[in-house]
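Written out below as structure tokens is the structure these notes cover.
The values are calculated or read from the model by the stated rules, or taken from the named source; none is laboratory data. Treat the numbers as computed from the prediction; the structure is a model and nothing was measured. All Cβ positions, glycine included, derive from the backbone under ideal geometry; neighbour counts span all protein chains shown. Just the protein is used for accessible areas: all its heavy atoms, side chains included, with ligands, DNA and RNA removed. Shrake-Rupley method; radii C 1.70, N 1.55, O 1.52, S 1.80 Å.
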Amino acid sequence: MNSYDFIMALVIAFLASIIFTGIIQWLAKKLRIVDKPNSERKIHKKPVPLLGGLAIFLSFNLVVLFYALITNDLTGDTIYLKNILGISLGTLILMVGGVLDDKYNLKSYLQIIWPILAIIAVIVMGVGIDSVTNPVGDGVLSLDTHVFKLFWHNGILYKITLLADVFTFFWLLGMIYTTKLLDGLDGLVSGVTIIAAIFMFFVALNRGDIIQYDIALLAMILVGVFAGFLVFNWNPASIFLGEGGSTMAGFLLGSISIISGSKVGVTLMLLSIPVLDFLWTIIRRLMEKRSPFASADKKHLHHRLLDAGFPVKKAVAFLYLISIAFGLLAYYFQDLGWNVLGTILLVMVVFMLILAYLYKRQKEHAKLDLN
């Protein structure tokens, strides 16, 4: 596989996304499935079509299944066909839940059902984290010590790996809700997903032990799909990701990072600031005696950027730059190895500095408004 193959995959995915997003945008208007600016949390001024998750689902799976079933380029040494089918099934579940939420605005306890079912689908189809880096020492911690064999099919063992499956479940749930809660500004989740997938692409082609062409191809397809959607989703957006699209972004990034066998740390580094914002949101809501999975509020990092006087496009660009900066750190340290606790400390310090800067700027912005 050469650079031409990756460029072709990018172009095909981009064009498929452009076509499907245009169709779904028209359909959402026709069915009146739109996001109305009926609360102070929403910054758009007129109704915007939803159902973006349906466009992402159709374009991603059309291209992926073509490369998996027709060309066989996605079923190499790293990815099994059952993994691809599990991811496709997971995106189908998220798409169905997303369409229902976009149409009927489901309660939070009903919204979480679909991510849980999607995660179970990929776990059953063999997507799991077998080991993690030891956060307090050298080496790795094995998660495949408690294995319950179910059955063999086509030479492949289907099994339950207790610790690995539990860790995988919470990893994917965290990724899903990170991108879900991040989806508050036009183009933010789409752009961050593109950035993360680009770094996954380069990491897959520059591993010291083995070059993962199939993972690189899958990452490039993801780039093309969200780049095509971003054409419509850039401020001012003419279509939103909706529940299905925002959860699908984290689900796909999390799943690909697991299949690759080495990019969980890279993905976590890329999304470190949004992840920390997500964790802080959970803590804050529990302190307020609210459900951590309650409806979105206006206290996320991207909202604080707006309160500090950033226009939407500059706020999104600022968060893009943070993702790129941490992506470069992750890419550089993948060969040198990194101290997990040191990385967590670094991210927390950066997060606190950003909050301090925004607090200072917000006060200055409030004074200007008063004057």
Response to the item:
Of all chymotrypsin sites (Phe, Trp or Tyr not before Pro) in the stretch 189-261, the ones in DSSP coil with at most 13 other Cβ atoms within 10 Å are none
Worksheet entry | Area of MET287 that stays accessible when all protein chains are in place (1.4 Å probe, Å², to 10) | 140 Å²
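If R₀ is 22 angstrom, what is the calculated FRET efficiency for the pair TYR359 and ARG290, using the beta carbon separation as r and rounding to 0.05? It would help to have the intermediate numbers written out before the result.
On the way: r = 23 Å, r/R0 = 1.03.
About 0.45, to the nearest 0.05.
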Worksheet, complete the sentence: For SER238 the rounded accessible area (nearest 10 Å², probe 1.4 Å, non-protein molecules ignored) is 40 Å²
Item to complete: For a label point 7 Å from the Cα of MET8 along Cα→C-beta, name the residues of the stretch 73-114 whose backbone N is under 17 Å from it.
Response: 73-76
Practice prompt. Note down the nm distance, to one decimal, between modelled labels 7 Å out along Cα→Cβ at ASP130 and at THR71.
Written response: 2.8 nm
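What's the long-distance tail for the stretch 23-69, i.e. % of Cα pairs beyond 17 Å?
Details: 524 of 1081 pairs.
I get 48 percent for the Cα pairs in the stretch 23-69 exceeding 17 Å.
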Discussion item. Just to be sure I understand the model, the point goes 7 Å from the Cα along the line to the Cβ. What's the resulting ASP307 to LYS45 distance in nm?
Written reply: 2.4 nm
Fill in: Length gained when the stretch LYS103-LEU321 is fully extended (0.36 nm per residue, less Cα-Cα span)
75.1 nm
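To the nearest µm²/s, what D does Stokes-Einstein give for the stretch 1-134 at 4 °C and 1.567 mPa s, using the Kirkwood radius over alpha carbon pairs as Rh?
Numbers: Rh = 17.0 Å.
Rounded to a whole number, D works out at 76 µm²/s.
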Response to the item:
Here, ILE211 and MET1, labelled 7 Å along Cα→Cβ, have an inter-label distance in nm of 1.1 nm
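Among the listed pairs LYS45/LYS107; LYS45/LYS180; LYS36/LYS82; LYS45/LYS363; LYS30/LYS107; LYS29/LYS360, give every one whose C-alpha distance is greater than 31 Å. Walk me through the numbers on the way to the answer.
Details: LYS45/LYS107 24 Å; LYS45/LYS180 21 Å; LYS36/LYS82 40 Å; LYS45/LYS363 26 Å; LYS30/LYS107 25 Å; LYS29/LYS360 41 Å.
Checking Cα-Cα distances, LYS36/LYS82; LYS29/LYS360 exceed 31 Å.
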